[in-house]
1. Segment A:283-346: Rg/Rh from Cα coordinates, Kirkwood Rh?
2. Filter the trypsin sites (Lys or Arg not before Pro) in segment A:9-94 down to the DSSP loop ones having no more than 15 other Cβ atoms within 10 Å, then list what survives.
3. With a 10 Å Cβ neighbour count serving as the proxy for reagent exposure, in which order, fewest first, do B:127, B:448, B:335, B:133 appear?
4. Could you pull the Rg and Dmax for segment B:4-493, using just the Cα atoms, both in Å?
5. Have a look at A:67, A:429, A:148 and report the one farthest towards the positive end of the charge dipole of the protein assembly as shown, computed about the Cα centre with Cβ charges (Lys/Arg +1, Asp/Glu -1).
6. Nearest 0.05, what FRET efficiency do residue B:422 and residue A:143 give at R0 = 60 Å with Cβ-Cβ as r?
7. Partner chain Cβ atoms within 10 Å, averaged over the residues of B:166-174 - can you pull that number for me?
8. How much of the calculated P(r) for segment B:294-347 lies past 14 Å, in percent of all Cα pairs?
Amino acid sequence: MTIDQLQAAAANNLWAAITPEIALGVLALLLLVLEMILPKARHAVIPACAIAGQLGILAALALNFTATPYLDRDTFNGLLHHSRDGQFLRVFFLLSSILVSILGVVALARQKMPRVEFFHIVLVVTAAMMLLAQSANFVLLFVALETITVGFYILVSYTRTNPLSLEAGLKYLVLGALSSAILLFGIVLLYGVAGNPHSFGSTASPMSYAGVRQFLEANPDNFLASVGIVFVLAGIAFKIGAVPFQIWIPDVYQGAPTPVTAFLAVASKAAGFAVLIGLLPVFQPYAGLVTAVLSIMAGATILFGNLAALTQHNVKRLLGLSGVSHAGYLLMGVVAAQTVPQAIGAIYFYLFAYLLASFAVFAVMTHVAGVNDADQDLDHYADFAKKRPYLAGVLAIGLGSLAGIPPLAGFMGKLMVFIAAFKAGLYPLLAIAIVGVVLSIYYYFGWIKAAFFTTWRPPLAPGEIEPAEAAATPVGFPAGLALGVLAAGSVIFGFFQGPIAAWLLLR
Amino acid sequence: MPDLLLLSIAAPLAAALLLLVPAPLAARKFIAGIGFALPALIALYLWSQFPPNGGASYHFVSRYDTGLKDTLGITLYLGLNGIALPLFVLAGVVGLAAGLFAIQSKAERLPLYLGLLLVMQAGLMGVFASMDVFFFYFFHELALIPTFIMVGVWGGRDRGYAAMKLTIYLTLGAMLSLIGLIAIYQQSGAETFDLLSLRQEIEHGSLAASDQKTIFGLLMVGFGILVSLFPFHTWAPLGYGAAPSSAAMLHAGVLKKFGLYGLIQIALPLLPEGVGHWVGWLALLAVGGNVLYIGFVTIAQRDLKQMIGYSSVMHMGYAFLGIAAYNTTGLGGVVLMMVAHGLSVALLFLLSTSIYHRTQTFDMEEMGGLAQKAPVLAAFFVTAIMASIGLPGLANFWGELAIFVGAWKFSAVYTTLAVSGVIISAVYGLRSVARIFFGPVTPAFAKVSTEKAPTDLAWGEKFPALLLLAALLAIGFWPKSLSTPVDTAITATFRK
């Protein structure tokens, strides 16, 4: 490279374009500094700083939402592409990290654990997710994805005194490394065939989305490229928990601390879908292959998730497996998105509704959980509506929205995805999806039933005393406010989707 | 005043929200009462303002954008035509009766119970006021969810099982009809859920006959499950048996009519070429299954609420037969019968709870001689049963008559079989009257009545019952008040 080329390349490094990501990184480091300089008694302000800082970044991001000058531009020599979807996903990931931080405060109060690192890692992972959503290059994709995954290895096994948490961390580590390897292998195959100067239509930049696409267009039936595409899809399928790469989900979801489970369920899954949607135009010349792979996955994922969730009693496992089925509905939307552009907006609205509902449910679970975070059973919700009516109300709204019941936001998301799938003519998948929705009613309403309907208890044997109930975690102000906002959001976006839906769907 | 329709939906919802605010019970009851009364008053007022021969077109039209207008073609589009008006009035009247009955009941956690009923009421008003197919579905689900919780929390025997079964069945029906509605939206190329635009689009022949056939099949089964079409009826008697009385009144009386209304207002006019393929099956299931088979099952019931539940399943058979007949007389009869059946079955569920409070049982074998202690209750119950059998002078008679006349042109055999169903109704209806109110006092009832002497109907129970009875009699003696708008609407929609 000559000096001129390097200078031209450096001139394209517009650091201001990634201000939110940099701000998150600085905030993360600042937390560690604060831990060193503040006296131990004052450490309680650090999580508050983390949340306040994120709120500030969120506000700045919202103000510059459409005003940012980098919209529809490539920066960092094509490593990043800034788009409206990218802006939406930035807000999405930031919202989830704020909620995870709030839940983290509640959950960590019960554990004797270092506090600050939790928030630090959450912030770093979030910044990586934001970059991932805007990446336009396989190298950045892999680096960002690995940053996320490594962060999650630590977060999943965060309660290191709990063997289940450690087991979950190990499982996630082994299977996560395997999936990263598969993904990397796929990327390398694509790189190899696209960058081979002897092959027809080879490209000078075989790591960039544009370059790979150019090669695939010129070679619509290259065997190695097909294998590479399938491997890349498989690697992403692991992140979103699609069948047959869902085996890790129940154990990891159960073992991980509840806020981390929520982070995995919402943000990590959304990140996977962001990558998938970003890659759709790249793999467009192989649309037949992609459709075949994703359709089979979607159908199997919907059925497996719902059937497996039917018999669960541990609510974390239940939510994990029901989350698998949600990945299936979303995959159906991705298949549709190949021919119906509106489907992309439908997927994002679905994810947004899923965020509201999932965090509502996970927030309630965080307040119900005892010291052993992995032990959360349906039986713990007996007489819940009488004992804690506020939490029970939020839980009912969250579960109803997850089940896709009008007038809640989750229903609107499902409707949009179903309409898109219908437009794309995916009738067999729609039939499977209907079976899935009806099955899901059983376990979602089974949970509502456990919380609301009066339960019969065996009378006490003579001499037996009523087992003392574990002290319930009180609902503090920030968590209570978050719960209220999430529940209200699910209801309001069910009735009135307003400009958000119009903005997402118009394309 | 076009916004009145929106108000009739928003008022109960607002009242339900207000009930969440801690306040003395009397104040909350008052708020709930307003929430129930406003929709009923609006419905009656709009009925009086409805142009006598203007049933064919929509009136009181208003339109609101919820953010999906440009992208999905969904708007909150409200208005009433001659088919929607009677059902809108029905929803208002039965809602008021059920609400008043609930307010005077001694249910546990009464504010929550009233709040859920109010949400259900809002959904019911919305279903029949919607001119947008999407919101028609949306409001149905809004009304359905409270039913699940009410059955599960305030229900009677087997409530947990009944609530789950009811919800799973009804979700299946709703999902099938949703896919059918999306299919109409998509295959017609209209890309809008607005009923009028859909109609225009399809009149130009944009929906192929084979598509119409498939979609009608989907809607028939989907809506059929919601209306308890044989053999998808098993949720109904079980659910109604377990449901608290006001929820059963609203569900059996009004919400269940959603499926029939959807068939008449949406499926038949939009899919004329798909109907012919299915009417044979529909008539067979309706007459052979709902009327005759379920008729005999009803005779065998000992439990009063189960008997009313099965009888309502049986009466849906007549409605399906009228739809299968697919002519103006038959369809007009179905709309009239939907209103009449809604009023009479709501009255029966109300009275059965009043009977339970006096006998402490729903088992009719353990009752007897209640008429001596509660003559007014007996008079009400006898009238309600007579209405349900189809005695002239009460609303149901006109509906059933028109259905039979319409169905005769369709098939004489099915009509004859269906008419013989009236005898079955008479058998179980009159037998239940005899068992509950007349004959010797059973030892079980004697024991109950010595512990707590049964009183006659109190005003709190009498007033809602009177409301329903007055409506039944008014329509029975003056059917033209409803049949004129229905007739003009049906004739204009089905020109054949």
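Where a number appears in this text, it was derived from the coordinates with a stated rule and is not lab data. The structure displayed is predicted, hence computed values, not measured ones. Please note: Cβ atoms are built from the backbone with ideal geometry, for glycine as well, and neighbour counts cover all protein chains shown.
1. Working: Rg = 13.7 Å, Rh = 12.4 Å.
Value, to two decimals: 1.10.
2. none
3. Details: B:127 28, B:448 18, B:335 31, B:133 24.
Lowest to highest Cβ neighbour count: B:448, B:133, B:127, B:335.
4. Rg and Dmax of segment B:4-493, Cα atoms, are 21.4, 72 Å.
5. Value computed over the given set: A:429.
6. Details: r = 78 Å, r/R0 = 1.30.
That gives a FRET efficiency of 0.15.
7. Numbers: counts 0, 9, 5, 2, 1, 11, 5, 1, 4.
Rounded to a whole number, the mean comes out at 4.
8. Values: 790 of 1431 pairs.
Of all Cα-Cα pairs in segment B:294-347, 55 percent lie more than 14 Å apart.
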